[in-house]
Each structure stands twice: as structure tokens, then as C-alpha cells.
Amino acid sequence: MSNITNEGLILACSAIGAGLAMIAGVGPGIGQGIAAGYGASAVGRNPGAKSDITSTMLLGQAVAETTGLYGLAIAFILLFANPLLGKL
């Protein structure tokens, strides 16, 4: 029977937490795809408003992407800067 050290347990749980944090990238990907589809549809209906539609769509996609970036930041912190290891 092998013994698990405190440091090993923290590293394993941090790796699992980082993987779970990356699930946060699924929502923005779906949302941005839907927004791009609706933007393309809107430009097809009204080509004269292409610049207004495109700028509004890109702003909305940038806001939606922040959720995925926060998840990525948390994953990097857990994997590389792990603040929990200093608490042992």
C-alpha cells in the first residue's frame, strides 16, 4: 500500500481542478459560434449595416470570451503558481 503525501495530494487535486476550470471554455465557444451565425445572417439581410453589425458582434464576443479566459487563468495558477503548496 502506498502512502500519499500532502504535497502529492495537493498537486493531484490541483491538476483535477485545472481540468475542471477549463470546462469554462465550452460556454464561450458555443456563444461565440451562435453570435457569429446570427451576425452573418444579419449581414445577409442588411448588407448596408455590415460595419455596425460586425462591431457589435465583436464586442459581444469579447465580453463572452472573458469567462473562458478566467478559467484559463485559474488553471494556470493551479498548475504553475500553486498557492496551496505554501500552506503545508
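The values are calculated or read from the model by the stated rules, or taken from the named source; none is laboratory data. Here the structure is a predicted model, which means the values were calculated and not measured. Don't worry about glycine lacking a Cβ; one is built from the backbone with ideal geometry, like all the others, and counts go over all protein chains shown. Please note that ligands, DNA and RNA were not included when accessible areas were found on the heavy atoms of the full protein model with its side chains. Shrake-Rupley method; radii C 1.70, N 1.55, O 1.52, S 1.80 Å.
A few comments on the model shown:
- Note on the chain: with neighbouring protein chains present and a 1.4 Å probe, carbon and sulfur make up 70 percent of its accessible heavy-atom surface.
- Helix 6-21 and the long axis of the chain differ in direction by around 10°, with both axes built from C-alpha atoms.
- Value of Rg to Rh for the chain (Rh from inverse mean 1/r over Cα pairs, i.e. Kirkwood): 1.30
- Debye-formula intensities of the range 21-66, expressed as log10 I(q)/I(0) at q = 0.13, 0.16, 0.23 Å⁻¹, are -0.31, -0.44, -0.74 (one equal scatterer per alpha-carbon, no solvent).
- Model label sites at residue 11 and residue 52, defined 7 Å from Cα along the beta-carbon direction, differ in position by 5.8 nm.
- Between 0 and 90°, nearest 10: helix 26-45 axis offset from the chain longest Cα axis: 10
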